[in-house]
Structures are given as structure tokens and as C-alpha cells.
Amino acid sequence: MIVRLVKLRFRESEIPSFLSNFEKVKNDIRAFKGCLYLELLQDAEDPSIFFTHSHWESNEALQGYRNSDLFKGIWANTKPKFSGKPEAWSTNSLDKQD
């Protein structure tokens, strides 16, 4: 399983638009083949910083999403709202829960 963390920093004026769009697309992302989990987090001290936390069956599933029309549309809408360069980490889960 791949756990993906993406840090996004937005211009303050763009936060409402970002949140509105996330509400529209979150279920499509969750329903994407290979997506096991998705949540949006907001930094506790800096409200302009958000994180997406998602779980994917495999790196191939994540790359399938990243190369999809769904992702390309979301990214085209989201990218102009940034105030800083996004950061992303793909990690392997080592905690095997029952």
C-alpha cells in the first residue's frame, strides 16, 4: 500500500474556492480505481496550508490516477491558487494492521 501526502499552500483569497472544488471532486477521487482512502487536512497553526492524505493499492494505482483526466482537471483548477510550491511524498506503510 502507498500512503501519499501532499502539502499545499494557498493564497488566502483562494482557500474558499479550493475547498468548494475539493467538495465537488473528493468522491470521484475516492471512487478512482485503486484509491483506498482520502482525507483533507488543514495545518493547525497556518490556515493557508493543507495536506491531502491518501492511500493507494499500489504505486501503479497512484500513477494511474496522476495520469488520469480526473487528476489533470483537478490540478489545472488547483495549481493557480498556490502561494508556494507543493510538496509530495509517496510512502510505504510499514504498520500492518489487522
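Read-outs: derived from the displayed coordinates by stated rules, not from any lab. This one's a predicted model, so the numbers in the text were calculated from it and none came from an experiment. Every residue, glycine among them, receives a Cβ derived from its backbone with ideal geometry; neighbour counts consider all protein chains shown.
Multiplying the residue separation of A76 and E60 by 0.36 nm and subtracting their alpha-carbon distance yields 3.6 nm. Under 20 Å between alpha carbons, and skipping anything fewer than 8 positions from K81 in its own chain: which lysines qualify? The qualifying lysines are K7, K24, K26, K72.
Set against the 2.2 N^0.38 Å expectation for a compact globular protein, the chain has a Cα radius of gyration ratio of 1.08.
Let's test the formula: R0 of 25 Å, r as the Cβ-Cβ distance of D95 and D43. What FRET efficiency results, to the nearest 0.05? In this case the efficiency is close to 0.60.
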